[in-house]
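The structure appears below as structure tokens.
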Amino acid sequence: MKTSISKGNNLTRRILSTTGIIVVLIFWHKLSQNYHPLILPSPQETFQALQKLWQSGSLWASTLITFRRTLLGYSAALVAGMFTALLFSTCRFLQDLFRPIITVTQIIPPVIWIVLAVIWFGIADDLTPIFLIFIVTFPVVFINIFSGLESVDLRLVEMAEVYRCSRRKIMLDVYLPALVPHVVSAVSLGLSFAWKSTIFAEFIGSSSGIGFVISMANANLETEKLFAWAIVLILLMLVFEYGILTPLNKRVTRWKRHD
Amino acid sequence: MTKNTITLELNQIHKGFKNTSGELKVLADISLTVQAGEIIALIGPSGCGKTTLLNIISGIAAPDRGTLRQSPSLRLAYVFQEPRLLPWKTVEGNIRFVQDNFLAAQEGKEVREKLLQKTGLLAYKDSYPAQLSGGMKQRLELVRALAIKPQLLLMDEPFKSLDLALKFDLQRLLLTEHEQEGFALLFTTHDPDEAVMLADRVVVLSDKPTQIHQEMVIGLTREKRTKTNPHIQENVERIIRVLLERHI
Ligand SMILES: Nc1ncnc2c1ncn2[C@@H]1O[C@H](COP(=O)(O)OP(=O)(O)OP(=O)(O)O)[C@@H](O)[C@H]1O
Ligand SMILES: [Mg+2]
């Protein structure tokens, strides 16, 4: 009985959200009839642009470039963020010394960083976007992991010590599992940041990648291409979020559920 | 029952905590000897330092003064006042987490499954703590402690908030295991009946700064103890009198 109700709710929710999307599409279609395609291309024109992108191979080429940069900058930030968090949690002195700097890094808006990066590295193909991703996502990762470390239940560590567990075992079976959900949340939070930063950086300071192609479309007044890319980006993020991160999150926090 | 080997010796233990208004003296001069195989009940007002004392014995906390003597290879198990289970490990995983430090895999499995069977948890061995009731978690704590075949078992109010039938079942299980394994047992309680029915010796603690107020040896063998036995009743009444003294 209970399950059928929740299933019904799920179905209703799906129908509602699908309806929402259809309404937006219809609205977009109607609205575009009143404007020049330069200002608001119609859904059909956008779809044709998308098809052209696909056929020319530019869709995959640019996506791959951007993806590679995001991955590089972001894994660097992940490793560095985790390492710093671990280091700071074991050394009060380092924490007091560097914590404010990390906070300041986080407060500085990305625009400032990108301008600085262009000044420092020029319109470098890889360096500028990768630097921006790193500098923007590093504090996010650090703060998440650090708060994760602080939230480890020390009473469980005491229990493990009373029962003579080795330090290695305590690290692997007490600290690590407590940390995993924080790592996953750091990854998913940081990743959407990372994507946006890469594209932003490519838009301003690079000569390849999705951001650069968008800036070209902008310069050539190809608004329908902009729309096509927006759709590609939305789809990519959705695939990441619901195809990878949500299932991963569910898996690592399996023990939290009561079923 | 009591052999003449000493499992644990506490000598003039002192312990205080710093708080906003200076120092809070908790334990003031506690000396206690636990013989191998002996069952001792600690009873005393809330906040007098029973948990603190068990924490000192288990090595979680250090005394400010005094000495603690025990064999370095003493196998100690501790049933905490509130369950301390790893939420990401199953019932079986939680037991194995501590058991693997002491027993070989085969023996461990036998001991574990026997205890799970006896406590009615065997069907739940693949469940996570979040899926257990409060009483089940308490049972699991007890199983985990017994599963390492300890020489000294510390238990902090192990039978609180259990339904009557379950409480008696667990006490019976504990006594059977004690009979077979011969570990020393030191447990805290607020229930004079429980103390007198289970222990060889009842140690009544005063309020802070805490000292040993009185020690009672319960002479009867456990089979002879019933709530209506005059010796038992007399001891229960004595404990109640001592505990209430300060409140008159
Ligand atoms: N880590 C700590 N820091 C400061 N004060 C503490 C700490 N641990 C215990 N205390 C204080 O020490 C006293 C004894 O606490 P303890 O938990 O040992 O009491 P208890 O006898 O176990 O009480 P109960 O029967 O309620 O469990 C209390 O007044 C408590 O406030
Ligand atoms: Mg206590």
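The values are calculated or read from the model by the stated rules, or taken from the named source; none is laboratory data. All figures in this text were calculated on a predicted structure; none of them were measured in a lab. Don't worry about glycine lacking a Cβ; one is built from the backbone with ideal geometry, like all the others, and counts go over all protein chains shown. In case anyone asks, the SASA skips ligands and DNA or RNA and just uses the protein heavy atoms, side chains included. Shrake-Rupley method; radii C 1.70, N 1.55, O 1.52, S 1.80 Å.
Structure summary
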| quantity | calculated |
| --- | --- |
| Test: residue in the range A:113-129 that is open to solvent by 40 Å² or more (accessible area, probe 1.4 Å) and at pLDDT 90 or above | no |
| Single unsatisfied condition, A:P139 versus (1) away from every other protein chain (no Cβ under 14 Å); (2) under 28 Å from A:N249 (Cα atoms); (3) surrounded by fewer than 18 Cβ atoms within 10 Å (Cβ to Cβ) | (3) |
| The range B:64-83, residues that are crowded, with 21+ Cβ neighbours inside 10 Å and within 16 Å of ligand 1 (Cβ to nearest atom) | B:Y78, B:V79, B:F80 |
| Count of residues meeting criterion [in a loop (DSSP other than H, G, I, E, B) and either under 24 Å from B:A199 (Cα atoms) or within 14 Å of chain A (Cβ to nearest Cβ) (or both)] in the range B:42-80 | 16 |
| Condition met for A:I145 (under 22 Å from the mean Cα position of the chain (by Cα), part of a helix (DSSP H, G or I) and hydrophobic (A, V, I, L, M, F, W, C)) | yes |
| Residues of the range B:213-242 that turn out to be open to solvent by less than 50 Å² (accessible area, probe 1.4 Å) and under 24 Å from B:V26 (Cβ atoms), as a count | 3 |
| Residue list for the range B:28-48, restricted to those being open to solvent by 10 Å² or more (accessible area, probe 1.4 Å) and within 16 Å of ligand 2 (Cβ to nearest atom) | B:P45, B:S46, B:G47 |
| Helices (runs of 4 or more DSSP H) wholly inside the range A:11-124 that include at least 2 residues being farther than 25 Å from A:F142 by Cα, in contact (Cβ under 8 Å) with a residue 60 or more places away in the chain and outside the structural domain of A:M216 (by TED's automatic domain parsing) | A:43-56 |
| Output for the range B:45-94, where each listed residue is under 18 Å from the mean Cα position of the chain (by Cα) and on the phi > 0 side of the Ramachandran plot | B:G47, B:G49, B:G59 |
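Yes or no, residue by residue, for (1) within 13 Å of another protein chain (Cβ to nearest Cβ); (2) not polar (S, T, N, Q):
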| position | (1), (2) |
| --- | --- |
| B:V98 | yes, yes |
| B:L103 | yes, yes |
| B:L116 | no, yes |
| B:T119 | no, no |
| B:Q131 | yes, no |
